Each structure stands twice: as structure tokens, then as C-alpha cells.
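The values are calculated or read from the model by the stated rules, or taken from the named source; none is laboratory data. Small disclaimer: the values here were computed from a predicted structure and weren't measured. Ideal geometry is used to build each Cβ from the backbone, glycine not excepted, and the neighbour counts take in all protein chains shown.
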Amino acid sequence: MSKELEIEFKNMLEKDEFETLATHYKFTASDVKTQTNYYFDTAAFQLKNLKCALRIRKKHDGYECTLKTPAVHGNFETTDTLTAQQAEAIIAGSSFEAPEVRHALEELNVSPENLTMIGALTTHRIMINQQSQSNLMSIAAIAVAILAARSNSQVGEAAIAFGQAGVIQNQLNFTRDNEREADRVGLQL
């Protein structure tokens, strides 16, 4: 089980914009990960009315049940890892063996027994390891540049320069954080 704060940014790209990113980062078919999400709510749409969402996600390595609830910024995600049998039972509506998610639902006065699957969606994603912050900053800068260039090419160029500056600053911050940690450990000795 885990409970995390999720803050995400999503953007629709035109086909040529996607191809520009894929070419720049040399993404291949082997980078694509397929997942299927099964979404749940009550007949009265209690979760939707509470601005919440419940899903089971099937990925190549297993299943997870996640309840998203509103936070001041973003959403809280309460997640239970499931076996295939637990996931299939929830999808079929025969049981709900996701203890942390069950508890969070009950705190919202939503009975897991009243949930039904309302839809499923299969997506294909390319994910970047979070440890590679400079790649993430570069992708964000390119995405912003593409969007900005739609209206003004000079704004696009400025966005790229800003993104490069952000990557450099992030590398400096990483170095400073490592130095502080080394100092802290050294002082404890």
C-alpha cells in the first residue's frame, strides 16, 4: 500500500509533434508499455460527484488498485498491489480485497459493495525513469517550445533556452544536495 501526492501535466500532441519528440529521444517500439485501466463507480456516480476516481491498472508485471482523491494541489493516490485473482474478483464485482483503498472508500461513505466497472481503457505509454530529471526537463522544454512555436517562433526559441537553463540549474542543485549530504554524514562521524 502507498499513499502519494500526484501532480501531473498532460498535453495532447499532434502526430508530427509526437514524432519530433520520439525522434529526438530515440524512442523505439520496445520503449512502449501497454496497460489497461478498469474504472469503477456506483450507479449514482458517488465517486465522480466527490471528484474522485477509482481504477484497477493491469501492467506487464501485475495489478494495482488506486483511489484518487482531491488535494489542494493535485490528487492523493491510495494504492494497493493486487494479485491477478484479487483484481479479477473486483472487476467481476464478487469481492473487494484492496484493504487500504477499501478503508479510504469507507471514509468517503462509499461502499465497495456498490461499485461496478463502468469502463476500461488500454493505453500505450513511454515512461522515463524519474532519476533522469535532466531528460524530463528537456522533454518539458521541448513540449513547451512546440506549443509556443505554434503562435510565435521567437517564443519557441525562448522556451528552449529557458528549458536548457533549467536543466543546468537542476544539475547544479543535484551537486549541491550531494555536497550537503556528504557534509551532514561527515559531521555525524
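What about THR69, is it in contact with a Gly (Cβ under 8 Å, 6 or more places away or on another chain), surrounded by 12 or more Cβ atoms within 10 Å (Cβ to Cβ), at pLDDT 85 or above and in a strand (DSSP E or B)? For THR69, the condition - in contact with a Gly (Cβ under 8 Å, 6 or more places away or on another chain), surrounded by 12 or more Cβ atoms within 10 Å (Cβ to Cβ), at pLDDT 85 or above and in a strand (DSSP E or B) - is not met. ALA120 meets each of the listed conditions (1) assigned to a strand (DSSP E or B); (2) among the small types (Gly, Ala, Ser); (3) exposed (fewer than 13 other Cβ atoms within 10 Å of the Cβ) apart from (3). Is one or more of the residues making up the range 83-91 in a strand (DSSP E or B), under 24 Å from ASN114 (Cβ atoms) and hydroxyl-bearing (Ser, Thr, Tyr)? For the range 83-91, residues in a strand (DSSP E or B), under 24 Å from ASN114 (Cβ atoms) and hydroxyl-bearing (Ser, Thr, Tyr): absent.
For the range 123-134, a residue qualifies if it is touching a helix residue (DSSP H, G or I) at 6+ places or on another chain (Cβ under 8 Å) and either at pLDDT 95 or above or surrounded by 11 or more Cβ atoms within 10 Å (Cβ to Cβ) (or both), and the qualifying residues are ILE126, ILE128, GLN133, SER134.
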